[in-house]
1. Which numbered condition trips up Asp368, out of (1) assigned to a loop (DSSP other than H, G, I, E, B); (2) surrounded by fewer than 14 Cβ atoms within 10 Å (Cβ to Cβ); (3) not aliphatic (A, V, I, L, M)?
2. Answer yes or no as to whether Thr517 is outside any loop (DSSP other than H, G, I, E, B) and among the polar types (S, T, N, Q).
3. The conditions are (1) within 26 Å of Lys474 (Cα to Cα); (2) not in a helix (DSSP H, G or I), and Leu532 fails exactly one of them. Which is it?
4. Within region 270-317, which residues are of a type in the set (Asp, Glu) and at pLDDT 90 or above?
5. Please specify each residue of region 149-173 satisfying the condition of being within 15 Å of Val347 (Cα to Cα) and not in a helix (DSSP H, G or I).
6. Looking for whichever is modelled with pLDDT under 95 and at positive phi here; the options are Gly128, Gly146, Gly120. Which one fits?
7. Give region 110-159 a look and list any residue that's in contact with a Leu (Cβ under 7 Å, 6 or more places away or on another chain) and of a type in the set (Asp, Glu), or say none.
8. Just to verify a result, which residue in region 152-188, among those that are over 33 Å from the mean Cα position of the chain (by Cα) and over 24 Å from Arg219 (Cα atoms), is least open to solvent (accessible area, probe 1.4 Å)?
Amino acid sequence: MSTPQRPATTYDSAHDTDGQEHAADPAEPDRLGWRHRPGRTAYRRGRLWPNGSTARLREDVLGALGVLKVATADQLQRLLRPGAGSNTVIRQGLRDLALHNLVASDGNTKTGHKTWRLEGTAGLEAAGQVLGLFRSEMGSTARGAGRTGAQHAMAVNETIAAFVLGGTAEDAPGGVGRLADWATEVEYVLPGGRRKVRPDAVWQAPEIGVPVLMVEVDRSTLSTERLAGKFTAYRELFRTKVKSNDPALADEEPADRMVHWWLRDWPGHTRPGYPPVALVVTDASPLALANRQEKVSALARDAWGGGWWTRRDDNADGDGWREYDDAVPVIATTLELLAEHGPLGPVWWRYGRNDARYSLLDALESPDTREAYDERQAAREEKRRQDHRDLMETLACADCGNVPLQESTSEYGPKGRLRWTRRPGGRCWDCEEKDLERREKEKKAKAKQQLEAARAANAKLRRCWTCRGSIGGKAGSFLELTEEAGPNRLECPSCVSDRGDQELGPLVLPLPTLRETLAARVSTPADPWWNLRVQHTTLYPAKDRR
């Protein structure tokens, strides 16, 4: 949580009258983040500082321990004097500060390096003066942490060093931020005071667009369930709202003046969601660390996943976006990758994105946002429009060459009735209408020609048995045949219809007489129905005629 700043002063001017360090490097105050007194160009051992340390070095050591809480001389050397060939100067400063009960050592790390911390109230106040912080903001002295090797604190220190110094690889980007931008073991109380959230480290870098970053360093000792539960606790903490002090909201209703406390303490957030949390895992094999990150991601999905939204009327085939207003952005990496490539290298995996690794700022960009969806939707709509324009090009009228400009390929008539749909190689509606008229005329002409031919052909055939009219029927009647009558037809269409209406049954021609039969043996009968009468004799024998 941001704190009021007091002007940086020396921790005890009475004790700094002896040794002075060489001329200051103008870049170092920016890298460390606190100011120094101008020094002389030579130093000498003094009675108060028998190990020969300088005031500036002691200030740097106190400030670094105020941030890190517990550190080794080697870590302090890499952070404070990265160009030095050894940590001798740092150890001189630590021994001098220990003589004045400002720092103390509790033990050694697993690799045999002595751990140092601030000692008592005097040490905390001295470091607070260097950092410009009040005593209440300095936290504890981490007494006793070194007795067990302070393994977790060492991992946190290495994480901070990787951020400040950058990666060790030849092509790795440099570090980012200053040591004073960090705070460790800061406690935040959850709503209702039930329990506290204590990030391993808190980093502020608004100059690069990161107002605050919570850092969790995991040595693979916690269960994945407890580790995932931390992200749920972060979300519960970030949900807390407080009354805004913005004068512009003075006239608003009390409910409208409530804002998230982290926005008031760390303004400048432009990314959706709550402040991000970085998970740095270590002390296991690469495969075990990868599996651990995956499992924590799955268990904490409710905290970082956000809510999925989509719009059916967008015709997006199920595509949508995530709302991160109530989500904690989580990025993860291993300490080994971070130390090798630095925070600006491709080491971060963003929960919810693919398995690719990103630089810090790229990883903090939320995936599947509404803006990204709108861009995809705009691209889909433009593609649909282009596809439609391409389709319209294929629908150029085969007669007049007109390309349709309307969005639809269909033509609608009165009362919204579909009357025409364009097809590739087809016609526009106007040309199609003209073609319909032409085809209708051709159809009528062909029908008339066919009718005239049928009338002429039927006129040459035998007459209707019943009415003795044309076998094709009366000219112009509704039942008139439009084609030549068949050889077995006996009546015109009108007589056939009348027979059906009167239920007279089929027409049966009279049997040939004996005289007609004998005459047919000599010459062809003149009766046009002779062959049918003979056929009916077989079909309808005399005994069945009744």
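The values are calculated or read from the model by the stated rules, or taken from the named source; none is laboratory data. If you're wondering where the values come from, they're calculated on a predicted model, not measured in any experiment. Backbone-built Cβ (ideal geometry, glycine too); neighbour counts: all protein chains shown. Accessible surface areas use protein heavy atoms only, side chains included; no ligands, DNA or RNA. Shrake-Rupley method; radii C 1.70, N 1.55, O 1.52, S 1.80 Å.
1. With (1) assigned to a loop (DSSP other than H, G, I, E, B); (2) surrounded by fewer than 14 Cβ atoms within 10 Å (Cβ to Cβ); (3) not aliphatic (A, V, I, L, M) applied to Asp368, the lone miss is (2).
2. In short, yes.
3. So Leu532 meets the others, but not (2).
4. Asp283, Glu294, Asp302
5. Passing the criteria: Gly166, Gly167, Thr168, Ala169, Asp171, Ala172, Pro173.
6. Checking each option against the conditions leaves just Gly120.
7. Glu119, Glu158
8. Top of the filtered list is Ala180.
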